[in-house]
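What follows is a single structure, written as structure tokens, with notes after it.
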Amino acid sequence: MDRKSTSGTCHLLGSSIISWNSKKQACVTLSTTEVEYIAAGHGCAQIIWLKHQLLDYVIRLSKVPLYCDNTSAINLTKNPIQHSKTKHIKIRLHFIRDHVQKGDCEIKFVKTENQLADFFTKPLARDRFNKLRTELGILDIKNVV
């Protein structure tokens, strides 16, 4: 109704999900690229926070993969040149670009059908729901003895 997108992230350490987030974005965006870029920025911020927490356990990570299913958003993180089509994106949203360049995270493409975060952001067909639930390691309570 209000044209605001719902973004979601999930963070895995090895094969275990350790945090997730699903949130309606605060503003209406002008493109799907902007929506995905904002979501990737929020995911990057969570990665930076988790990396700092893991330092307490003497675990140092570099180039943590961050998966995105929008190639235009991925290209924005890698190209420091402002293009006319991206001038509307606020400077504060380029947080992710700085951290990709520093090597804190590495943004990679994932096919939409394999995007685990969709589990938290949209209604899914039963087969896809069950597939993503299994990949996230979430148990079906009915089948637990």
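Backbone phi angles across the stretch 6-20, fed through the Karplus curve with coefficients 6.51, -1.76 and 1.60 (θ = phi - 60°), yield HN-Hα couplings of 9, 10, x, 9, 9, 10, 10, 10, x, 9, 9, 6, 10, 7, 8 Hz in residue order; Gly and Pro are listed as x. Between amide H atoms placed 1.01 Å from N, distances below 5 Å from Gln25 occur with Ser5, Thr6, Ser7, all of them 5 or more places distant or on a separate chain.
Among the listed pairs Lys111/Lys142; Lys23/Lys111; Lys111/Lys131; Lys24/Lys78, those with a Cα-Cα distance over 20 Å are Lys111/Lys142; Lys23/Lys111; Lys24/Lys78. Placing one equal scatterer on every Cα of the stretch 1-80 and applying the Debye formula, the log10 ratio I(q)/I(0) at q = 0.18 Å⁻¹ is -0.81.
Across the stretch 110-121, rounded Karplus estimates of 3J(HN,Hα) from the backbone phi angles (6.51 cos²θ - 1.76 cosθ + 1.60, θ = phi - 60°) give 9, 4, 3, 5, 9, 6, 4, 5, 4, 4, 9, 10 Hz, Gly and Pro being marked x. The local environment of Cys68, defined by Cβ-Cβ distances under 10 Å, has a net charge of -1 under the rule Lys, Arg +1 and Asp, Glu -1. Charge tally around Thr112: other residues with Cβ under 9 Å, Lys/Arg +1 each, Asp/Glu -1 each, net -2.
Throughout, read-outs are computed from the coordinates displayed, never taken from laboratory work. Everything numeric here is computed off the predicted structure, so don't read it as measured data. Every residue, glycine among them, receives a Cβ derived from its backbone with ideal geometry; neighbour counts consider all protein chains shown.
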